[in-house]
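Written below as structure tokens is the structure these notes are about.
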Amino acid sequence: MCADPHQSGSSTDLICLRVIYAGRVQGVGFRYRTTQLAERYPVTGFVKNLSDGTVELVAQAHDQSVLDRFFDDMMLTFATNVTDVSIQGAPADSDRQSFTIEY
């Protein structure tokens with residue numbers, strides 16, 4: 001996950017969200033396509049499959065509107081796959097420099 005923003009002043013300007021996607025989200029290229037989408041935006045973070053069949057996405061950016069557009073594109077791309085979305089704030093990680101697939 002992301003580091004505690006209170007431990008580093010440089011990460012406080014990052015907005016970080018953790019999203020859990022449920023539905024037909026594993027075995028359909030979800031992580032790969034999410035990484036491709038993330039390349040279009042100034043976001044960092046990761047996507048990974050969870051053992052319960054859901055997918056976790058942690059994304060951070062300096063601007064809420066960037067995250068909003070990224071997540072809107074996610075929903076458009078995966079509208080037929082996703083049956084439930086859970087979004088919560090998460091601590092930012094100023095050391096993360098890219099968007100990756102984690103295992």
The chain: relative contact order as a whole-number percent, Cα under 8 Å and 6+ apart: 45 percent
Listed residues Leu14, Leu76, Leu57, most fluctuating in the chain (Gaussian network, C-alpha, under 10 Å): Leu76
Options [x] 1.40; [y] 1.18; [z] 1.01 - which one matches Cα Rg over 2.2 N^0.38 Å as calculated here: [z]
Order of Ile20, Ile15 under a 10 Å beta carbon neighbour criterion, fewest first: Ile20, Ile15
With Cα atoms, 0 to 90° folded angle of helix 64-77 axis to the chain main axis: 10 degrees
Theoretical ellipticity at 222 nm over the chain - DSSP helices of four or more residues, -39500 (n - 2.57) apiece, nearest 500: -7000 deg cm²/dmol
Ascending count of other beta-carbon atoms within 10 Å, so fewest first, for Tyr32, Tyr41, Tyr21, Tyr103: Tyr103, Tyr32, Tyr41, Tyr21
Distance from the range 14-33 to the range 47-101 (C-alpha centre basis), Å: 6 Å
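Every number here is computed from the coordinates shown, using simple stated rules; none is lab data. A quick note: this is a predicted structure, and the numbers were derived from the prediction, not measured. Positions of Cβ are backbone-derived with ideal geometry, glycine not excepted, and every protein chain shown enters the neighbour counts.
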